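Let me begin by presenting the structure, written as structure tokens, before commenting on it.
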Amino acid sequence: MQKYADILKQISCLIFLLSALGDLHVSHGQALVPALFIFGDSVVDVGNNNEIYTIIKSNFPPYGRDFISHMPTGRFCNGKLATDFTAENLGFTTYPPAYLSKQARGKNLLLGANFASGSSGYYEDTAKIYHTIPLSKQVLYYKDYQTKLISIAGISNASSIISGSIHLLSSGASDFVQNYYVNPTLYKNYTPDQFSDILMQYYATVVQQLYTLGARKIGVTTLPPLGCLPASITLFGDGSNQCLPNMNAVALSFNNKLNATSLRLQSKLTGLNLVVLDIYQSLYDLVTKPANFGFSEARRACCGTGLLETSILCNAKSVGTCANASQYVFWDGFHPSEAANKILADNLLASGIALVG
């Protein structure tokens, strides 16, 4: 009975949010929150890596081929990211611009901003390896953003925008897949559990920094099933064609720590609304039961062979790139397709409603 009660509660939350969205669209034409701020890695980067010296880029075909403009934007996807759909679900008609882009100026900043950088992580050295933007610098950019916002909206309005807006944080996957598992200085000196503890310290610091800067509504995503990413299976699977249980167990353990750390932070920081958004189960379901969601392929990604290609390896000359990415759970070796992102974003509606009030 409790299971059904939980399901009914989730459905009620979803109906409430959809109703609220509809009411706002009709009567006010406004979003549910003043602005949206995004921090993290390539899962949420909308073009910041275009503006820095790094090989971790996606501002070339076939990336972006199914986006609104049918042009690459710097999103590591064939189309929209989960955060793009989240912005739409919140009532925004355009997306927060990449902070380093030319679009991040003037009144566009009233929508918020995206500070994310592909191949960054909680661990400072993950970004350094790939010459991308660590979370510590993303927070500094956010501080710089606030100065610009004050000049546009005034101190009082800027403060209201910051405290009333949603801050989304998506990080950690690159710390494991692109650093820990390939870096002997890490995996020889730390167990995955010990490394997770280190990442938790960085996570707590970021949340406290955002809180100090006025953020009161923060949503943080869990790790995905790391062992189900096509590139993970190819690199670490020893010929396996299935999800890797050991890597998934590491992700689940990390997620448990993330939940516990978040509860401690929420109890410590007065007025903070910190919500953990579980993408692990949603993506795991897509991978293990793709047909149930309209997908025909979950092991291979759309780009190239679908086994490894990501970033510069996924390019216009990649042989074998699929014609219809909507049939694929993954667009490249690490990142979900637009079709999968839509499902992931919609699944977060019920839990994300806690950030709206």
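Just so you know, all these numbers are worked out from the coordinates, no wet-lab data involved. These numbers were taken from a predicted model, which means no experiment stands behind them. Cβ coordinates were reconstructed from backbone atoms using ideal geometry, including for glycine residues, and neighbour counts include every protein chain displayed.
Numbers below:
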| read-out | value |
| --- | --- |
| Alpha-carbon centroid distance for the pair the range 236-268 / the range 329-357, whole angstrom | 18 |
| Sum of -39500 (n - 2.57) over DSSP H runs of 4+, divided by residues of the chain (222 nm, nearest 500) | -13500 deg cm²/dmol |
| For the chain: rounded, prolate or oblate by the Cα gyration tensor [a/c cutoff 1.5] | rounded |
| Tensor-based shape of the range 242-296 (alpha-carbon gyration tensor, a/c under 1.5 rounded, otherwise prolate or oblate) | oblate |
| Residue-count net charge about ARG264 - beta-carbon cut-off 14 Å; Lys, Arg +1, Asp, Glu -1 | +1 |
| Among the listed pairs LYS188/LYS317; LYS148/LYS317; LYS137/LYS317; LYS268/LYS289; LYS217/LYS342; LYS188/LYS257, those beyond 32 Å (Cα-Cα) | LYS188/LYS317; LYS148/LYS317; LYS137/LYS317; LYS268/LYS289 |
| Net charge of Cβ neighbours under 15 Å - reference ALA158; Lys, Arg +1; Asp, Glu -1 | +3 |
| Centre separation in Å (Cα based) which lies between the range 305-327 and the range 61-114 | 22 |
| Selection from CYS243, PHE176, SER232 lying farthest towards where the dipole of the range 34-355 points positive, charges on Cβ | PHE176 |
| Summed side-chain charge close to ALA127 - residues other than ALA127 whose Cβ falls under 14 Å, Lys, Arg +1, Asp, Glu -1 | -3 |
| The chain, relative contact order [Cα under 8 Å, separation at least 6], % | 18 |
